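Below you'll find the structure, written out as structure tokens, and then a few comments.
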Amino acid sequence: MPDTSHTDSPFAQEYPDLIDRPFNSTTRRIFVAATHMNDGKTTTCLGLFGALRQITPKVGFIKPIGQRFVEVQGEKIDEDSVLFDSVYHPQTPMQAMSPVAVEGDFTRRYLENPEEQAPILVDKICRAFDRAAYEKDYIIIEGTGHAGVGSVFDLSNATVAKLLGAKVIIVAKGGIGRPVDEIALNKALFDKAGVEVIGAILNKVLPEKRDMIIEHTGKGLERLGVPLLGAMPVQKRLSAPNLSQIAEEIDGRWLNGRSQGEFERILNVEIGAMTAKNIIDYLKDGTLIITPGDRDDVIFAVLAAAQTMGPRVVSGLLLTNNILPHPKLLELLRQTDIPVVITERESYATASKINRMTVKTQPRDADKFPIIRALIEQNVDLQRIRDAFSTSTL
């Protein structure tokens, strides 16, 4: 059981009026921040959690401040906490993994009475942390955006990391100049709060540039005193939506194969504006064909391809302009497993919206989790992370 002595903890030092309660002081805390939204913070947390589970089963998770949440048994729970609960089952109440949900009027209410709200929020976070970290060797603390997010209500990532006595890993998108500049800005805020940054991880690095980026970005970060812990190459499948996510994004409705479309990854999008015979040349695994419903020739080509080239070649058919195919052709589609969705949008507007989608990992994305864990295990220096906390062996 972890030592709960708390008189010298960051919590006690910063909030002496609230020290009449236990505060975990031994669980190793890894706070994961990012330079921007969608840089790979949740992916990194998922991978680290899975990798650390290979070292010790006692790994916990908490996202102290959540901005995207769902209702779970009447409680507002951050989506990432729901994800971790579904994937890893950390044996922690979800309320303890997601203590604060930033609702639409949250900031306004806080600013109207910060003196009263601040200690309530601090106590809520620390009590939740104690529960999430109970009897854990490591706990992953997921931040919300960059180091300064949350400053408006006095709970920036830097402040929360200090409050919980955590050490920080900063995640940034691959490159050279930009990630070094942005990591420097974030490190300055953590430094000001007295929080140690133990390293940085680059995500979504182009494979053909990975060696060059590791060499040069590593040198740039070394000058800042930030070790480069790893560089994770782009994995197209991690950012690929399934047809169910696309249907939701474009307000589409299902005509066929919904159960199949819930899981098939869309790796390639083609607009059926060409002749049917030319479409065949563009088909490959994970292809979504976008075409108006009155292009009988294209739909026949899709049916033929599914029969001759295999069902996985056509991962979906997206009919546009709200035009239904001829009834007999629609019946042929319904005799197959081809996922079919229809939308009111026209073809090019639909394709553009799909290309701009931000695809978040969801509990049902079981195919992604082994890829994410392998990304961390193969590309991140886990031993260096462990050494930043202790020389002892778990």
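The values are calculated or read from the model by the stated rules, or taken from the named source; none is laboratory data. Quantities reported herein were computed from a predicted structural model and do not represent experimental measurements. Note that each Cβ is placed from the backbone with ideal geometry, even for glycine, and that neighbours are counted across all protein chains shown.
Scan the stretch 48-66 and tell me whether some residue there is part of a helix (DSSP H, G or I), crowded, with 23+ Cβ neighbours inside 10 Å, among the aromatic types (Phe, Trp, Tyr) and modelled with pLDDT of 90 or more. Show your work before the answer.
If we filter the stretch 48-66 for residues that are part of a helix (DSSP H, G or I), which is where we start, we get 48-53.
From the residues that got through so far, the ones that are crowded, with 23+ Cβ neighbours inside 10 Å too are 48-49, 52.
Cutting the leftovers down to among the aromatic types (Phe, Trp, Tyr) gives us 49.
Next cut, modelled with pLDDT of 90 or more only: 49.
Checking the stretch 48-66: at least one residue is part of a helix (DSSP H, G or I), crowded, with 23+ Cβ neighbours inside 10 Å, among the aromatic types (Phe, Trp, Tyr) and modelled with pLDDT of 90 or more.
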Which condition does Gly60 not pass, out of (1) touching a Phe, Trp or Tyr at 6+ places or on another chain (Cβ under 9 Å); (2) closer than 15 Å to Ala374 by Cβ, if it passes all the others? (2)
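Those residues that are part of a helix (DSSP H, G or I) and without any contact (Cβ under 8 Å) to a residue 60 or more places away in the chain, I need them from the stretch 156-184; list them, please. Give the derivation first.
Within the stretch 156-184, the first condition is being part of a helix (DSSP H, G or I), and the residues that meet it are 157-163, 177-184.
Answer for the stretch 156-184, where residues must be part of a helix (DSSP H, G or I) and without any contact (Cβ under 8 Å) to a residue 60 or more places away in the chain: Ala158, Thr159, Gly177, Arg178, Val180, Asp181, Ala184.
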Exactly one condition in (1) surrounded by 13 or more Cβ atoms within 10 Å (Cβ to Cβ); (2) β-branched (Val, Ile, Thr); (3) in contact (Cβ under 8 Å) with a residue 60 or more places away in the chain is not met by Ile299; state its number. (3)
Take the conditions in the same structural domain as Asp285 (by TED's automatic domain parsing), surrounded by 14 or more Cβ atoms within 10 Å (Cβ to Cβ), touching an Asp or Glu at 6+ places or on another chain (Cβ under 8 Å) and polar (S, T, N, Q) and apply them to Thr336. Does it pass? no
Out of (1) assigned to a helix (DSSP H, G or I); (2) in contact with a Phe, Trp or Tyr (Cβ under 8 Å, 6 or more places away or on another chain); (3) touching a residue at least 60 places away in the same chain (Cβ under 8 Å), the one Ala128 does not meet is (2)
Among the residues of the stretch 224-232, is there at least one that is out of contact with any Lys or Arg (no Cβ under 7 Å at 6 or more places or on another chain), small (Gly, Ala, Ser) and at pLDDT 90 or above? yes
Residue pairs within 6 Å by beta carbon, gap of at least six or interchain, first lying in the stretch 197-226 and outside the structural domain of Arg29 (by TED's automatic domain parsing) and within 30 Å of Thr159 (Cβ to Cβ), second buried (at least 20 other Cβ atoms within 10 Å of the Cβ) and among the acidic types (Asp, Glu), listed first then second, are none
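Give me the helices (runs of 4 or more DSSP H) completely within the stretch 257-368, filtered to those with at least 2 residues that are of a type in the set (D, E, K, R) and either under 28 Å from Leu46 (Cβ atoms) or at pLDDT 85 or above (or both), ordered by residue number.
Working: elements: 258-261, 276-279, 296-308, 327-334, 347-355.
Those helices (runs of 4 or more DSSP H) span 296-308, 327-334.
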If we keep only residues of the stretch 68-97 that are among the polar types (S, T, N, Q) and over 13 Å from the mean Cα position of the chain (by Cα), then the residue farthest from Arg29 (Cα to Cα) is Gln73
So Ala12 fits all but one of (1) among the aliphatic types (A, V, I, L, M); (2) modelled with pLDDT under 55; (3) closer than 24 Å to Met94 by Cβ; (4) assigned to a helix (DSSP H, G or I); what number is the exception? (3)
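Let's see how each residue does on (1) surrounded by fewer than 20 Cβ atoms within 10 Å (Cβ to Cβ); (2) closer than 25 Å to Ile77 by Cβ:
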residue: Thr107; (1), (2): yes, yes
residue: Leu164; (1), (2): no, yes
residue: Val168; (1), (2): no, yes
residue: Ala193; (1), (2): yes, no
residue: Pro207; (1), (2): yes, no
